[in-house]
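Let me begin by presenting the structure, written as C-alpha cells, before commenting on it.
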Amino acid sequence: MCAVENVDLLISGGIVVTMDPQERIFPNGAVAVRDSKLCRVGPREEVEKAVHPKKVIDASGTVIMPGLVNAHTHAAMTLFRGLADDIPLKPWLEKIWPLELKYATAQNVVLGSKLAFAEMIRGGTTTAADMYWHFYESAEAAKQVGFRLFTGTVALDAMDGETTQSLGKNMRAFVDLYKDDPLICPSIQVHGTYTVSKETLLVAKSAARESGVVFTTHASETRQEVEEMIAQHGMTPIEYLDEIGLLNSKTLLAHCVHLKDKEISLLAQKGTSVVHCPTSNLKLGSGIARISDLLKAGVNVAIGTDGVASNNDLNMWEEMRLAALLQKGIHFDPTVLPAGQALKMATLGGAKALNLQDKIGSLIPGKRADLIQVDLNTSNMTPVYDVISHLVYAANASDVRMTMINGEILYQNQKLLTIDEEEIKSQVRKLSEEMLQKD
Ligand SMILES: [Zn+2]
C-alpha cells in the first residue's frame, strides 16, 4: 500500500491539458499542489486516491492547463493605451518617448505595471517578460502581487546617458539581487541594435555571459530598421548581433519580422529563441514574421503581446489565434501552424525562451504550480469536440476562471485577490487626465 500524501490543494474533475512531452490530456483529470509546486498530475481517480488535500477545487466543466507566458511586453505602457494609434514605428516612438520621459516615474511605472498584471492575471497569463524603466520597482510590484516577472536592466543609449561601465555594474547588481527569487527572473536587456552603441552591446554580452541569464532585445522589427543597420554597419541586426557574439541559446529576440533564409538558419544553429508579437507587428504596419519557416528550421518561438501602446491589450489568446491564422493566410495553407503548435508557443515555448522550462510551461510534477482554469460552459466554448482547438480558436480571455501562480490563487470567481483593481484603475484614470491637460 502506498502512503497517502498530504497536499495543500487538489483541483479535480476538469480536462487536464498537460503540455508535457507526450502532450497528454486527461479528460477527467486532477492536479495536486504542495509547497507551491505540482506534486500530482493525472486521471482524477488516481490522483484523488493518492492525496489527502487541505482544500479541494471542483474543476468540472473547465480546462486545467499551464498559465500562458507573455514573452515580450512593456507592462507599464498600459498608461499610454490608445495614445498613439495608426502611425508607423518611428513616429510612434517619437510620440511615445517624450511622454515616457515625463510620466514614466517610478511611482507611475508601478501603477501601470499593476494595471498590466491585473489584465494579464484575469486573462490567464502567469508569466510576463517585461522591458521597461524602474525595473526594481516593477519587480517589487510583481512580488507584492504574486506575479511571475522576467525583467532586468534595460540599456537604451539615447535616453539613459549612463556610462558603459556603470551599465555593466547595474546589470549584474540586478541579477545578483533576484537570481534566487521565487517570482522574479532576472535578465540582461538592450532596447535594440539601432538604439545603442556597439560598446553597450559588448557590456550586455559580458554581463549576460558572466551571470548566465537570458539576454533579450528587439531585432529586425521593421524594414526601415534593417535598411538603416545595413547602411550603417553593412549588416542586418541579426548578423550584427552574431558578429558581436550575442546569438546563443540564452538569447531571446523580439519580433524578427524581416529575416532572410540564412538568418533563419543562423538562429536555428545558435539555438536563439524568437518572440512573435503578431498584433503589434500588424498594428504598426511592420509586417508578418516568417514564423512557420522559423519553426520548420527548429527555432524555438514564443508569443508576446508587446506593450499595450502598440496592441492595445495584453490578451495572449488573441495573439495565439493570430499567430496561427496569419501563417495559414500568408502560405495559402490551412495545415500550417496547427492549434497544438500555437498553444505550445504560448506556454512551453515561452518558458523555454525565458530559460524557465524546468520551472513552468507544462503541468509536470516538480514544476511550479502556475496554472489556470478555463471555462468550457460559455457559449463560445460549446460544444467541445477538441479542447486544443477551442483553446486556440474559440477561447476568450474572459473565459479564464482561475489563475494560480507559484501555488497561490490570484484570481477566482471574477475577483483579483492580490490587487485592488478599482483603486489602480481610478489612479490610472486620474493620471491620464493629467496627461491630456498638459499635452
Ligand atoms: Zn517591444
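I'm checking my understanding of the structure. Among residues of region 206-231 that are buried (at least 24 other Cβ atoms within 10 Å of the Cβ) and not hydrophobic (A, V, I, L, M, F, W, C), which one is nearest to the ligand (Cβ to nearest atom)? Looking at residues that are buried (at least 24 other Cβ atoms within 10 Å of the Cβ) and not hydrophobic (A, V, I, L, M, F, W, C), I get H218. For region 317-341, the set of residues classified as more than 30 Å from P98 (Cβ to Cβ) and crowded, with 22+ Cβ neighbours inside 10 Å consists of W317, M320, A323, A324, Q327, L337, listed by residue number. Just one of the numbered conditions (1) modelled with pLDDT of 95 or more; (2) touching an Asp or Glu at 6+ places or on another chain (Cβ under 6 Å); (3) among the aromatic types (F, W, Y) is not true of Y194: (1). When you check K179 against the structure, is it charged (D, E, K, R) and under 21 Å from the mean Cα position of the chain (by Cα), yes or no? When the stated conditions are applied, K179 passes them. I want to confirm something. Restricting to region 282-292 and keeping residues that are of a type outside the set (G, A, S) and away from the ligand (no atom under 15 Å from the Cβ), which single residue is farthest from L354 (Cα to Cα)? By that ranking, first place goes to I288.
Any chance region 152-160 includes a residue that's more than 23 Å from the chain's Cα centre (by Cα), away from the ligand (no atom under 16 Å from the Cβ) and of a type outside the set (G, A, S)? Yes, region 152-160 has at least one match. T347 meets the conditions (1) farther than 30 Å from L247 by Cα; (2) touching a residue at least 12 places away in the same chain (Cβ under 8 Å) in every case but one. The failed one is (1). Filtering A142, A155 for residues that are modelled with pLDDT under 95, buried (at least 24 other Cβ atoms within 10 Å of the Cβ) and more than 20 Å from E318 (Cβ to Cβ) leaves a single hit, A155.
Got at least one residue in region 21-31 being basic (K, R) and not in a strand (DSSP E or B)? Checked against the condition, which is being basic (K, R) and not in a strand (DSSP E or B), region 21-31 yields at least one hit. Within region 353-371, the set of residues being closer than 20 Å to M131 by Cβ and surrounded by fewer than 24 Cβ atoms within 10 Å (Cβ to Cβ) comprises N355, L356.
Would you check if L295 is surrounded by 17 or more Cβ atoms within 10 Å (Cβ to Cβ), within 16 Å of the ligand (Cβ to nearest atom) and in contact (Cβ under 8 Å) with a residue 40 or more places away in the chain? Spelling it out, it is not the case that L295 is surrounded by 17 or more Cβ atoms within 10 Å (Cβ to Cβ), within 16 Å of the ligand (Cβ to nearest atom) and in contact (Cβ under 8 Å) with a residue 40 or more places away in the chain. Taken over region 62-109, the criterion of being surrounded by 19 or more Cβ atoms within 10 Å (Cβ to Cβ), of a type outside the set (S, T, Y) and away from the ligand (no atom under 16 Å from the Cβ) is satisfied by V63, I64, M65, P66, G67, L68, N108.
Counting only strands (runs of 3 or more DSSP E) that fall entirely inside region 40-139 and contain at least 3 residues that are more than 30 Å from S273 (Cα to Cα), at pLDDT 95 or above and not polar (S, T, N, Q), the qualifying elements are 51-58. Return yes when I11 is assigned by TED's automatic domain parsing to the domain that holds E408, crowded, with 20+ Cβ neighbours inside 10 Å, under 18 Å from G366 (Cβ atoms) and not polar (S, T, N, Q) and no when it is not. Considered against the rule, which asks whether it is assigned by TED's automatic domain parsing to the domain that holds E408, crowded, with 20+ Cβ neighbours inside 10 Å, under 18 Å from G366 (Cβ atoms) and not polar (S, T, N, Q), I11 comes out as yes.
Residue-wise test of (1) within 25 Å of the chain's Cα centre (by Cα); (2) basic (K, R); (3) outside any helix (DSSP H, G or I).
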| site | (1), (2), (3) |
| --- | --- |
| Q373 | yes, no, yes |
| N377 | no, no, yes |
| P383 | no, no, yes |
| M402 | yes, no, yes |
| E422 | yes, no, no |
| K425 | yes, yes, no |
| K430 | no, yes, no |
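Scanning region 264-280 for residues that are within 19 Å of L241 (Cβ to Cβ) and in a helix (DSSP H, G or I) returns I264, S265, L266, L267, A268, Q269, K270.
The values are calculated or read from the model by the stated rules, or taken from the named source; none is laboratory data. As the structure is a computational prediction, the values presented were derived from the model and not from experiment. Here the Cβ is made from the backbone with ideal geometry for all residues, glycine too, and neighbour counts use every protein chain on show.
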